[in-house]
Amino acid sequence: MNGSIIDSPAWQKLSLLARQPYDLTKPGALSADNRLASFTATSAGLRLLFATQRVDGQVLAALQHLADEQNLIGRLREMKAGAVINRIVGWPSENRQVLHTSTRDIFTDKPAEPESASRARRELNKLEQFVQDVDSGRLHGAGGKPFRTMINVGIGGSDLGPRAVHEALQAFYREGRQVRFIANVDPDDAARVLASCDLEETLVTIVSKSGSTLETLTNEALVRAAFERAGLDSSRHFLAVTGIGSPMEDPQRYLRSFSMFDSIGGRYSTTSMVGGVSLGFALGMDQLLAFLRGAAAMDAAAEEPDMYRNLPLLLALLGIWNRNFLGYPTLAILPYSQALHRFPAHLQQCDMESNGKAITTDGEPVNVATGPIVWGEPGTNGQHAFYQLLHQGTDIVPVEFIGFLQSQHQQDLLVAGTTSQQKLLANLLAQAVALACGRANDNPNQRFAGNRPSSILVGERLDPYAMGSLLSLYEAKIVFQGFVWRINSFDQEGVQLGKILATDLLELMQGVDRTVPSELSQFLRELER
Ligand SMILES: O=P(O)(O)OC[C@H]1O[C@H](O)[C@H](O)[C@@H](O)[C@@H]1O
């Protein structure tokens, strides 16, 4: 890949087209030329309605051309086959493969990277045995009680993705099972969870790829102390999910240990044992496999060259259009599904830790804007919180709505002539149209400028398959965008400096006699004054 992306013919064409983007506010803008029906695409059970984006046929053709000329599909296939793409040429870097898709590439006899796929299958077999041992009572609490609760102790990718999926799929939990999460080093996070658990029937899964994360090791010690205080041998209640060779690889301390691998980044690890152990415990293996099947189906769709058959590619390209050509710095992910209330938080890590970069894979400064600021909350709640800014603020925020035609629990009621699910979906559609079309008014304070772009991702019902499909969709979208920006979406050097300075402060607090940056010691004195 040579030269800068801005020199590419497709990029040049898009720059020209961006001078006069499609006007969503003109009369009939959404219904012209069968737009609402033709600006839709489907992959792996999910459908994208994107007529409310500021695109037309020419822009879409140029976006497809960008994907083709940048060989995005080819580069994704190389990634899945094991290319070492987590690297910065000419500088020390992780130099790793990127193989998170192999954790669900287990339903074919021709996986893209056979060795990694067989490792994934081995871990799943281990997990299946573990779940059977718990279900049968062969494994039980030190006091003899069956295990009914699991506490996941981890942070970042060892918490956000698993937590988002658990919150999304609680409706599918097995009878009597519950999973709780401890992530923050704030002692109240652990205290709150521990107070709600009967430790005699509780498993604790310590999740850390590196096996050295301060918050996770601290919380492990804190939770183990709670078990000891309760007179319970913690080694009979604790599981480990960690990288090969990590400090946590110690069979004496854990009832079972599951492996994850360097080629799987933390923020892309939900379909590995990082999410698998707690999901297998809570959902059972059949539903965990349905989750993996959904992810595998979207992984396959992500290899389709035609963006109308490839939702991850299409969503990635629409995001490039809004970010790089219409110039919008943020992106709101607004799920009209309360069960997805932690999904935006997972995407904050997956997107912003992947694409919050300013150096290309050649070690040169980028010359285009890269990852957007990702945020979001469920609708309809957000409508009563921040939609004022979305409609009438000075900054335009592109929106990705997510909705489902059916509720999970199927407990609904006709009130004033409509069901709650109908009310939910009516609000979703109304918001997309209001943002796009706006509304004129002589009263400037009641005027809606419109031309605020959005897409709507819709599925039948949020079940494990759909959740897997949705998770994979966004992982691939983020990867495609990083390919276009020619950055390394798979390392995270930006989180290191804060950790180093925190370690300096902790040593100061312990009275360790060492030189630290004077501003740190002055700041600490000020804080403790
Ligand atoms: O799983 P661990 O090794 O404990 O790492 C947990 C988290 O630590 C850091 O914050 C990294 O930036 C994240 O990508 C990672 O998920």
Largest-first principal axis extents, alpha carbons of the range 100-291, Å: 50, 34, 32
Label-to-label distance, nm, for residues given as GLU460 and ASN184 (7 Å Cα→Cβ offset): 4.0 nm
Segment ASP395-PHE448, extension gain: residue separation times 0.36 nm, minus the distance between their alpha carbons: 17.8 nm
Cβ charges +1 (Lys, Arg) and -1 (Asp, Glu), total dipole of the range 395-454, debye: 120 debye
Pairwise label distance in nanometres, MET509 with GLN338, each label 7 Å out on the Cα-Cβ vector: 3.7 nm
All-pairs alpha carbon distance profile, the chain, 10 Å steps from 0, percent: 4, 17, 27, 25, 17, 8, 2, 0
Cα-based equivalent ellipsoid of the range 122-189: semi-axis lengths in Å, sorted from largest, via gyration tensor: 23, 16, 13
Whole-angstrom Cα spans of the range 350-494 along principal axes, big to small: 60, 47, 20
Cα-based convex hull, the range 446-516, per residue volume (Å³, whole number): 290 Å³
R0 of 45 Å, Cβ-Cβ distance ALA369-ALA225: FRET efficiency to nearest 0.05: 0.45
Simple Cβ-charge dipole of the chain, Lys/Arg +1 and Asp/Glu -1, about Cα centre, in debye nearest 20: 860 debye
Quotient of Cα Rg and 2.2 N^0.38 Å for the range 1-160, N being how many residues it contains: 1.60
Relative contact order, percent, the range 100-291 [alpha-carbon distance under 8 Å, six or more residues apart]: 27 percent
Hits among lysines - C-alpha to C-alpha of LYS499 under 22 Å, sequence gap 8 or more where chains match: LYS209, LYS357
Nearest 10 degrees, 0 to 90: helix 420-437 Cα axis against the chain principal axis: 50 degrees
Distance in nm between pseudo-label sites at ASN381 and TRP91 (7 Å out along the Cβ direction from Cα): 3.8 nm
Helix 273-283 vs. the chain, principal-axis angle (Cα, 0 to 90°, nearest 10): 90 degrees
Debye-sum result for the range 281-326 in log10 I(q)/I(0), which assumes one identical scatterer on each alpha carbon, at q = 0.16, 0.24, 0.27 Å⁻¹: -0.57, -0.79, -0.88
ALA416/MET285 FRET efficiency (R0 51 Å; Cβ-Cβ; nearest 0.05): 0.75
Contact order normalised by residue count of the chain, Cα under 8 Å, 6+ apart, percent: 20 percent
Using alpha-carbon coordinates, inclination of helix 311-320 to the longest axis of the chain, degrees: 70 degrees
Cβ-Cβ FRET estimate between ASP233 and VAL495, R0 fixed at 51 Å, reported to 0.05: 0.90
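Values in this text are rule-based calculations from the coordinates and carry no lab data. As the structure is a computational prediction, the values presented were derived from the model and not from experiment. Cβ atoms come from the backbone with ideal geometry, glycine included; neighbour counts cover every protein chain shown.
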